[in-house]
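Worksheet: one structure, shown below.
The values are calculated or read from the model by the stated rules, or taken from the named source; none is laboratory data. Not measured: the values here are computed from a predicted model. As a convention, Cβ positions derive from the backbone with ideal geometry for all residues, glycine included, and neighbour counts pool all protein chains shown.
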Amino acid sequence: MKIRFCIDRGGTFTDCLAFVKRDEEPDEEIIVTKLLSVDPNNYKDAPTEAIRRVLEKVTDTKIDKNEKIPIENISQIRMGTTVATNALLERKGEPCALLITKGLKDLLFIGNQARDGIFDLNIQCPEVLYKKVIEIDERIELLGYTCAKSGMNVAIPDGDEDYIEGITGEYIKILKRPDVEEIKKDLIELYDSGIKSVAVCLLHSYIYPEHEKIIGKIAKEIGFSNVTLSSEIMPMIKIVPRGNSACVDAYLTPCIQEYINNFIEGFDPKIKSEVVVEFMQSDGGLVNMNKFSGFRAILSGPAAGVIGYANNLYDKDHNMIIGFDMGGTSTDVSRFAGELEHVYETKTAGITIQAPQIDINTVAAGGGSKLFFRNGMFVVGPESGGADPGPACYRKGGSLTITDCNLILGRLMTDHFPKIFGKTEDQPLDIDITTKLFTELTEEVNKFIKENTPNIPLKTVDEVAYGFLTVANEAMCRPIREMTQSKGYNTSEHVLACFGGAGSQHACAIAKNLGIRRVWIHKYASVLSAYGLSTADVVQELQEPCADVYSEESLERIKLRIDRLIEACDRKLKYQGFNDDEIHFDIYLNMRYDKTNGSLMILEENNSDFKSSFIKKYKHEYGFEINDRDIIVDDIRVRGIGNKRINVIKPDYSYIDFKVASTSLHKETTMVYFEGGRVETKVYILSELRPGLIIKGPSLIINDTTTIVVEPCCHAFIYPDFIEIEIIENDSDKNGLVDDSNCDPIQLSIFSHRFMSIAEQMGRTLQQTSISTNIKERLDFSCAIFGPDGGLISNAPHIPVHLGSMQEAVKCQIDILKDNINDGDVIVSNHPEAGGSHLPDITVITPVFENSEIVFFVASRGHHADIGGLQPGSMPPSSKRLFEEGAAIKSFKLVHDGIFDEEGITKILVENPMRFDNCSGSRCLSDNISDLKAQVAANQRGIILVKLLIKEYGLKVVQAYMKFIRDNAEYAVRNLLKSVYKKYEGKDLVAEDFMDDGTRIKLKVTINPEDGSGIFDFTGTGLQVYGNWNAPRAITYSAIIYCLRAMLGVDIPLNQGCLAPVDVIIPEGSILSPKGGVAVVGGNVLTSQRICDVILKAFNATAASQGCMNNVTFGREGDDGWGYYEGPSWHGRSGIHTHMTNTRITDPEILEKRYPVILRKFGIRENSGGRGKYNGGDGIIRELEFLEPLQFSILSERRVFAPYGLEGGEDAKKGENIWIHHIENSDEIEVLSIGGKNTVTVAMNDRIIIKTPGGGGWGKPDN
């Protein structure tokens, strides 16, 4: 007898499938075991315990928990595990060190400078994984740059050993070779300190890895147990994610190997030589336990689930499947349409990782997600009960969760659920505690209803539980819509494959929500990740960077490199025992259009042309192609696949004659709550149902590990190895079923999700279809939905400075155009007197018509890299008048009657700015046009989704909940202001601060305690200035809405309702309400931050931030010209964007590849934050060396007035901008301060050092 074990160790449960092949039997018997993943009172390790229990059962032999498990009956163990994920989430990995190029020691701490929670005043970024950093004094320079044709004209001197051709064919120059003796000394000291694992990541090592190899060799000779080189594990451009990947590997691989060693220790020692032990990687391939590494292990378990449904349920008649894996902690959604969809940069536990992973979107809503009632809304997650204590019904003192909803509604039956709870591990689920807690929660909900919406009926316990279930389902539908609709696929045309412990209870509801008519549930659905392991392939991947322009000539070189990679993969697979006929290869090229970042990994199909495949896929994903651009090959990838099993082919079941099950087949009935009330529901045992039966809903189909809920108007068809549920009547059309006269808390939560989902999908479309770095990579854009009055309904959390100002732009167009807005029109505007923030931020507005009336507006705002004016980048520090900052548009119909007016917008962007002295038109018109078309496309996506929502619910309901959502936000803000009034005993809140030129910003906030309204009075604020840091009125509205939402501290719908309780008084002609065409470009990036500081100071909420965005532009004019633009109970976070900005900074390797610049230093400016009981965060130091003469500009603040502390906290350090200038025709160097706002012409090898301010401290410092 031989047994194959396939084990999925999840966050809550461990699932084990044992395939038992007895000598006398032709077929394998499958034994399913399900255990809690963490149960320290009963066993040390769940997978080991599961194997022990199976062996006891099949051999009828007692195996003591403390003895080694015999292996004579074990042929294979395959495992997917969350060990790596848990170690990363809990920060329990191996202490490790980072070795990185000198000047960049803080690079991974800074990351891309963006923060995940844009409204969090207490910014919590995940800590770095390394304990120590060693800077390596080495440097290479990339020769040439890609932002201009002239940048590629590089002369390589003959015979100079410092000039070397890298892996990609690009040349590098070695500026500084590593000092071997110094490195050895540093590493010995590190080793002696107790650190035994290191990650090495040097700048541009993906092109030239030799310096990393030198360090790696020294580290291994010293005795480090783990040495990870970034150039080996993932040789791709972008040092931040590559460095993070190296650190993840150094941090997790020792843990994984320790887990594997401990696991193996539980068995007879012969397991190492006589049993094949393999682990699932994030890319869906298996690897031998000795090769299982940290950074490829993050999605080990979820990846196995995708393999499970892809290999066992996919067929060409239903060729698009959505995977829905609902576990205890979270839900994973994926898509399969004949090939695995991989992504190569993902964020897990706050760490951006470069590694091939199956494209799996995770939402924090699972069976263990906790339930909350906040501000009149039903909230599910993201907090989870996990495995311990788990849901309330697990008998461990947990909170109410989704599992408790299913239990109390009758969808889970205690008699048919594993009895593994309580101290003795033999108790059923506890329905009594669930009922008690839901009764208390229902009382809380009804209290709110009585006080705020007395016209609607009070809720029963069932209605509250069902409400939370409905909200959870909507939350889980969001990533599914995102994954399909944003890529141009119709969600309803997919089959839903449900699996995971809780997926089958939600299958019908999810399908109905999405308009899907067919659901597949495998007979091992609750353990499908474990089952998928049994059909998975062993994979060996190799990848190399490339920099070729795709052509017939370059393809010959590329094919030679592909052949070398195939040979290497082939050797490694044969070493693992695979024969030629068991091996095949997938060949990929990572391709993109020149001067874009939208790279796509293209699979070679049937010897087809890579170029045509790329263009086809690009057009499908992004909606267009770029005919006049070269196609660049960034990477070459070979995926070798070893497969010893016969290919799994889904059987043809057309022979089955289906008949409705007789009434005698069900075992019992139970009362289950569905929408409208409890319904008598038949209960079937799956093992007693033969193939060919039709089970009509409502019914429950139960097996050992899961309960399948077949809802009313659904039919379940029983196949030999899966169940197919057909949705006979799809209730995705809810028209007329929802009351539009009264606000229901459950529907309010659902509409909040739906409106936000639309704005998010608009943003995804804009990012995908745009061309420029600003929008596509730095994410400097926002998308939102507005009512017919122009008031904001929902704004995706993109850029805070756009929050309130976009609604002013929409309202202004309504005032300007009045009745002259027609279906098919798209309006463009950027003028500060028309709701604009500054001229580079162009807003595109589209009306949504229904029955010939405007019922909504959708809008997108994006930062364009150049729109003309005095200088490249359209952010001139010296501008005094608006015309010097580029094209100003109050109102223009970009699209009229469905026709894009390219001639008209070209005239505005190019010819209009050129009319003024010393001003140029747009320097990158083609990018402007492409990005404007992308904004139009994003708006069109919004219109489609809004109309689908209207079709689903009816216009009256959608517009009613538009109002209710605004009312809900208003309610939350009024409560906030009332609590502030009480806290400060009715005193007016007063604050002021000064811009660096001495201009005052003054605020007095007066609160009415009766209704929670407030007056924000900026009387006393200084006059508009003869400079460019004037801030249009709309920016003040954005700052107020941002600060109010940040001080609330909980999620609320972000819309016009936030400002409804607030009257704003701004003196005309002041710096906050400029008139007469004065310059404003700095108001958006400088004054906006100071307004936030003043508001938060008035509320005594936080000390001062650094108070500016430190805007840098550099470039040159000419035919080949170009431009570059880039609290009270906690310690401040260092080196991160604050308040009104949240864009990403350009990765150093991208920066140096595109532009003639070397980033000499980028790190934390230590001790620049103000000291206090809670210290302010530190600023950063950035040092740039320029490799050719060009123009450099900076717009910055807090160079005169330091960021202040509060409550006795100390001020932070002021910022500094320093120019290290080589005097022409001289060897002399001068060091100059260039002030906060300036433009200078830098010479070759000149350097600019930017030292940004810190944040103020809070409270008196403890000595």
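Restricting to segment 195-218, give me the number of residues that are within 22 Å of D160 (Cβ to Cβ) and either modelled with pLDDT under 95 or not in a helix (DSSP H, G or I) (or both).
7
Select the strands (runs of 3 or more DSSP E) contained entirely in segment 1151-1263, then report the ones holding at least 2 residues which are within 30 Å of E135 (Cα to Cα) and out of contact with any Gly (no Cβ under 8 Å at 6 or more places or on another chain).
Strands (runs of 3 or more DSSP E) meeting the threshold: 1157-1165, 1179-1186, 1216-1222, 1229-1233, 1247-1251.
Applying the selection to segment 868-886, what residues are surrounded by fewer than 24 Cβ atoms within 10 Å (Cβ to Cβ) and either of a type in the set (S, T, N, Q) or not assigned by TED's automatic domain parsing to the domain that holds D917 (or both)?
S878
Residues that are outside the structural domain of D823 (by TED's automatic domain parsing), at least 3 per element: which helices (runs of 4 or more DSSP H) completely within segment 887-999 meet that?
955-983
Under the condition of being at pLDDT 90 or above and part of a strand (DSSP E or B), which residue from segment 499-520 is farthest from E952 (Cα to Cα)?
Of everything passing the filter in segment 499-520, W520 is farthest from E952 (Cα to Cα).
Restricting to segment 285-341, count the residues that are of a type in the set (A, V, I, L, M, F, W, C), more than 19 Å from C498 (Cα to Cα) and part of a helix (DSSP H, G or I).
Final tally of qualifying residues: 2.
In segment 1235-1249, what residues are surrounded by 21 or more Cβ atoms within 10 Å (Cβ to Cβ) and under 21 Å from S1168 (Cα atoms)?
G1236, K1237, I1248
Test L202 against the stated conditions and say whether it is buried (at least 21 other Cβ atoms within 10 Å of the Cβ) and within 30 Å of the chain's Cα centre (by Cα).
In short, yes.
Does G305 satisfy the criteria of being outside the structural domain of D967 (by TED's automatic domain parsing) and over 25 Å from C16 (Cα atoms)? If you could, list the steps in order and put the result at the bottom.
On the way: outside the structural domain of D967 (by TED's automatic domain parsing): yes; over 25 Å from C16 (Cα atoms): no.
Here the answer is no, as G305 does not meet what is asked.
Would you mind listing the strands (runs of 3 or more DSSP E) fully within segment 821-871 where at least 1 residues are in contact with a His (Cβ under 9 Å, 6 or more places away or on another chain) and basic (K, R)?
853-863
Output the residue which, of all residues in segment 14-30 that are within 39 Å of the chain's Cα centre (by Cα) and surrounded by fewer than 24 Cβ atoms within 10 Å (Cβ to Cβ), is nearest to S300 (Cα to Cα).
For segment 14-30, the residue satisfying everything is F19.
Let me spell it out: the conditions are (1) surrounded by 18 or more Cβ atoms within 10 Å (Cβ to Cβ); (2) touching a Phe, Trp or Tyr at 6+ places or on another chain (Cβ under 6 Å), and R966 meets all of them except one. Which number is the exception?
(2)
Restricting to segment 745-769, give me the number of residues that are over 16 Å from the mean Cα position of the chain (by Cα) and either at pLDDT 80 or above or closer than 30 Å to N452 by Cβ (or both).
12
In the set D192, D179, which member is modelled with pLDDT of 95 or more, of a type in the set (D, E) and closer than 30 Å to P1156 by Cβ? If you could, list the steps in order and put the result at the bottom.
Numbers: D192 fails: closer than 30 Å to P1156 by Cβ.
Just one listed residue meets the conditions, D179.
Let's see how each residue does on (1) surrounded by fewer than 22 Cβ atoms within 10 Å (Cβ to Cβ); (2) under 24 Å from the mean Cα position of the chain (by Cα); (3) closer than 30 Å to K105 by Cβ:
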{"site": "E221", "(1), (2), (3)": "yes, no, yes"}
{"site": "N226", "(1), (2), (3)": "yes, no, yes"}
{"site": "M236", "(1), (2), (3)": "no, yes, yes"}
{"site": "A246", "(1), (2), (3)": "no, yes, yes"}
{"site": "L252", "(1), (2), (3)": "no, yes, yes"}
{"site": "E258", "(1), (2), (3)": "yes, no, yes"}
{"site": "F267", "(1), (2), (3)": "yes, no, no"}
{"site": "D283", "(1), (2), (3)": "yes, yes, no"}
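Given the criterion surrounded by fewer than 24 Cβ atoms within 10 Å (Cβ to Cβ) and within 30 Å of T403 (Cβ to Cβ), identify the matching residue among G503, G515.
G515
Being among the hydrophobic types (A, V, I, L, M, F, W, C), under 22 Å from the mean Cα position of the chain (by Cα) and crowded, with 21+ Cβ neighbours inside 10 Å: is that true of V363 here?
Yes, satisfied.
Among the candidates Y655, Y673, single out the residue that is at pLDDT 85 or above and part of a loop (DSSP other than H, G, I, E, B).
Among Y655, Y673, only Y655 is at pLDDT 85 or above and part of a loop (DSSP other than H, G, I, E, B).
Out of everything in segment 5-41 that is part of a loop (DSSP other than H, G, I, E, B) and among the charged types (D, E, K, R), what residue ends up being nearest to A364 (Cα to Cα)?
Restricting to residues being part of a loop (DSSP other than H, G, I, E, B) and among the charged types (D, E, K, R), the top hit is D39.
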